[in-house]
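Notes for the one structure printed next.
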Amino acid sequence: MRSTAAATLLALCTAAPLVAQVGAPVGIVNANVATEAQLAAVPGFTPAIVQATLAARPFARQSAFDAFLAPHLGEPERMAAYAKVFVQLDLNDFIDAEVLMIPGAGRRMVREFNEYKPYRALAQWHREIDKYVDDAELARLEQYVFVKLDLNTATDEQILTIPGVGARMLREFKEYRPWKTMAQFDREIGKYVDAKEVARLKRYVEIR
């Protein structure tokens, strides 16, 4: 009999066509938007680490998060933590070491992630990696990755998959269409959030 957890992952992966550009969380939280309570539930995260994480974020990428945690947690402890908290990888801008930080990914996935670059859509990654793993594992891996959204064509559903984006920011993303430059994004979105948050959001978007 399939376990409840596996059945849930399978349902998330197969219930509808994949249209998101950011992998849906099925067991992890994003380190840059996780609540204090969510961080406190991460294995090895002491109250001091939780507070330091909140103060240091946003982390520009997973390797930066790993470097931050290294003085506090050994490698085995960090890998255990990454089963619960992570900074998602841009599938067109990652280093091999970051893929290896995904629990259970291994060298084979490093090779496969690299083989199919550049990715235009998460659905492309989904289709290729599905050749090598079952649906439950695909859903687990997918939560660690994303492909940048096109600011001018992304659907509401796609924009709302960006961690921490809600109805208000969705409205602002759409209000300034057509976007011409990323400098325009900095300027307009910077009216609503600070520079650190602009940089965090900017990581998920582009103009094609």
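Only one of these conditions is not met by Ala121: (1) under 28 Å from Met79 (Cα atoms); (2) modelled with pLDDT of 95 or more. Which number is it?
Single failed check for Ala121: (2).
Can you pull out every residue in the stretch 52-76 that is surrounded by 14 or more Cβ atoms within 10 Å (Cβ to Cβ) and in a helix (DSSP H, G or I)?
The answer is Ala52, Thr53, Gln62, Ser63, Ala64, Phe65, Asp66, Phe68, Leu69.
Do any residues in the stretch 97-108 that are assigned by TED's automatic domain parsing to the domain that holds Glu142 and closer than 15 Å to Arg78 by Cα have Cβ atoms under 6 Å from those of residues that are buried (at least 18 other Cβ atoms within 10 Å of the Cβ) and of a type in the set (S, T, N, Q), where the two are at least six apart or on different chains, and which pairs are they?
Every condition considered, the pairs that remain are Glu98/Gln62; Met101/Gln62.
Please go through the stretch 77-103 and pick out each residue that is outside any loop (DSSP other than H, G, I, E, B) and charged (D, E, K, R).
Across the stretch 77-103, the qualifying residues are Glu77, Arg78, Asp90, Asp93, Asp96, Glu98.
Out of Ile102, Ile49, which single residue is over 15 Å from the mean Cα position of the chain (by Cα) and crowded, with 18+ Cβ neighbours inside 10 Å?
When all the criteria are applied, what remains is Ile49.
The values are calculated or read from the model by the stated rules, or taken from the named source; none is laboratory data. It should be emphasised that the depicted structure is a prediction, and the values quoted were computed from it without experimental measurement. Cβ: placed from backbone, ideal geometry, glycine included. Neighbour counts: every protein chain shown.
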